[in-house]
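One structure below.
The values are calculated or read from the model by the stated rules, or taken from the named source; none is laboratory data. Keep in mind that this is a model prediction, so the values were computed, not measured. Don't worry about glycine lacking a Cβ; one is built from the backbone with ideal geometry, like all the others, and counts go over all protein chains shown. The accessibility values were calculated without ligands, DNA or RNA, using every heavy atom of the protein model including side chains. Shrake-Rupley method; radii C 1.70, N 1.55, O 1.52, S 1.80 Å.
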Amino acid sequence: MRAVPGPFATIAESFFRPALAGLVPYEPGKPVEEVQRELGLDRVVKLASNEGTDGPFPAALEAMERAARELNRYPDGGSYALRTALAERHGVRYEEVTVGSGSDGLVDALSQAVLGPGDEILCGWPSFPSYVIDALKAGAEARRVPLRDHRYDLDAMLEAIGSRTKIAYVCHPNNPTGTTNTRAELDAWFERVPDHVLTVLDQAYLEYVDDPDYPDGIDYAKRGHRVAVMRTFSKIFGLAGLRVGYAIAPAELIVALGKTRRAFDLTTPAQVAALASLDDTAELERRRRANAERRPELERILRGHGYDPLGPAVANFVFVDVGDDARAVFERLLREGVIVRPLAGFGAPEAIRVTVGTSDDHAFLDEALGRIAAPAST
């Protein structure tokens, strides 16, 4: 019988950086297997993390299978092939592209490269919490500007910019509300934002948007604006489990990000899968159309149970204000086998976010909603 080790040494709070005191880490959505194990459920449907309903593209699966034979080798630390392909696709220089462990990993690398005590970032709120968390980890301050009509209030953000503001995040479309700003509003932002501020335009859900007026943020970079545009392969490309994000930005910023992101943070399967996904435009369009067809289906189901999803939603999820009992709604649905996302960590404790699923997923949600108490009418 193995001896039980003695207690580990105690580490005082003073050992850690003061910036970490009181910091609440990002809380990911619950995995399906964990919910099945904890609640003894045979079937669980996850509609919490804005993952695509489909797996990797067929070409990506084939590329990963080929790469598996060489996994005894370290990956290409510079991701040369992927960065080259992305540069060609977007009409920019190789030196203006970097990749990282999801957009989230790039936000972390950016915060380390740019921010320190006394610096500030701006973002709308509710929005993606990593903007705030990573700034606070660096000892900077995060100024959260309330949304207006559930969208980023760019005029208010411009008013909030000060001499210490270094980064302004614009989540476009915004996570968790699923709403977006217009091209005219973004044009006005870039005309007025001071030169000392770096705009980070987060377009993680760009591929789902079918509005012809929706702007490609890389165009602002090509016009000479001080902007970093972030994208991801985690959503419509079906590679969330591999963590592949990329950024288009001025070359000097790309060099700085290379100093703060982890060595070999993009595995070989991640690199080859992302590269193989770039050319299948037909599959990309099929997934976009399917999402556009199923999102109204999800909204109709929610409305049928007395919930009013926020609109117009343009990505692969909807935001639902459920009043004061968002966590309770999350827990009740969880016990019925449906995982949605409570949004306290995003700045919306009164709301949940529901990812667009398959029609079968939606039918399962419909039945689950029928078994829990409907919200009180307001």
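Values computed for the structure shown
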item	result
Pair list, Cβ under 8 Å, 6 or more apart: the stretch 282-299 residue farther than 15 Å from G238 by Cα, other residue part of a helix (DSSP H, G or I)	A292/Y208; R294/S359; R294/H362; E297/S359; E297/H362; L298/H362; L298/L365
All positions within the stretch 23-50 that are open to solvent by 60 Å² or more (accessible area, probe 1.4 Å) and over 16 Å from F364 (Cβ atoms)	V24, P25, Y26, E27, P28, E33, R37, E38, G40
Pick from the stretch 276-291, criterion more than 11 Å from F57 (Cα to Cα) and touching a helix residue (DSSP H, G or I) at 6+ places or on another chain (Cβ under 8 Å), ranking: surrounded by the fewest Cβ atoms within 10 Å (Cβ to Cβ)	R288
Residues of the stretch 151-166 satisfying the condition of being crowded, with 17+ Cβ neighbours inside 10 Å and part of a loop (DSSP other than H, G, I, E, B)	Y152, D153, I161
Residue, most open to solvent (accessible area, probe 1.4 Å), within the stretch 167-225, restricted to residues that are more than 17 Å from the chain's Cα centre (by Cα) and of a type in the set (F, W, Y)	Y214
Where a residue in the stretch 21-32 is under 14 Å from R353 (Cβ atoms) and its partner, wherever it lies, is assigned to a loop (DSSP other than H, G, I, E, B) and at pLDDT 80 or above, with Cβ under 8 Å and at least six apart	P28/S49; G29/A48; G29/S49; K30/A48
Residue among R144, R231 that alone is assigned to a strand (DSSP E or B), touching a residue at least 12 places away in the same chain (Cβ under 8 Å) and open to solvent by 70 Å² or more (accessible area, probe 1.4 Å)	R144
Filter pass, A109 being touching a Gly at 6+ places or on another chain (Cβ under 7 Å) and either in a helix (DSSP H, G or I) or surrounded by 22 or more Cβ atoms within 10 Å (Cβ to Cβ) (or both)	yes
Odd one out for V320 among (1) assigned to a helix (DSSP H, G or I); (2) surrounded by 15 or more Cβ atoms within 10 Å (Cβ to Cβ)	(1)
Single residue of Y220, Y169 found to be touching a Ser or Thr at 6+ places or on another chain (Cβ under 9 Å), closer than 15 Å to V114 by Cβ and either assigned to a strand (DSSP E or B) or among the hydroxyl-bearing types (S, T, Y) (or both)	Y169
Within the stretch 55-87, tally of residues that are of a type in the set (D, E, K, R) and either open to solvent by less than 50 Å² (accessible area, probe 1.4 Å) or touching a Phe, Trp or Tyr at 6+ places or on another chain (Cβ under 8 Å) (or both)	1
Pair list, Cβ under 6 Å, 6 or more apart: the stretch 236-258 residue on the phi > 0 side of the Ramachandran plot, other residue open to solvent by less than 20 Å² (accessible area, probe 1.4 Å)	R243/G102
Check on E96, under 19 Å from G311 (Cα atoms) and either surrounded by fewer than 18 Cβ atoms within 10 Å (Cβ to Cβ) or in contact with a helix residue (DSSP H, G or I) (Cβ under 9 Å, 6 or more places away or on another chain) (or both)	no
Residue match in the stretch 195-217 (condition: closer than 30 Å to E283 by Cβ, in contact with a Ser or Thr (Cβ under 7 Å, 6 or more places away or on another chain), at pLDDT 95 or above and part of a strand (DSSP E or B))	yes
Residue, nearest to N175 (Cα to Cα), within the stretch 79-106, restricted to residues that are among the β-branched types (V, I, T) and outside any helix (DSSP H, G or I)	V99
Unique match (being in a loop (DSSP other than H, G, I, E, B) and under 28 Å from I218 (Cα atoms)) among P75, P28	P75
Of all residues in the stretch 261-270 being within 19 Å of A204 (Cβ to Cβ) and open to solvent by less than 30 Å² (accessible area, probe 1.4 Å), the one that is modelled with the highest pLDDT	A270
Single unsatisfied condition, L41 versus (1) of a type in the set (A, V, I, L, M, F, W, C); (2) assigned to a loop (DSSP other than H, G, I, E, B); (3) modelled with pLDDT of 95 or more	(3)
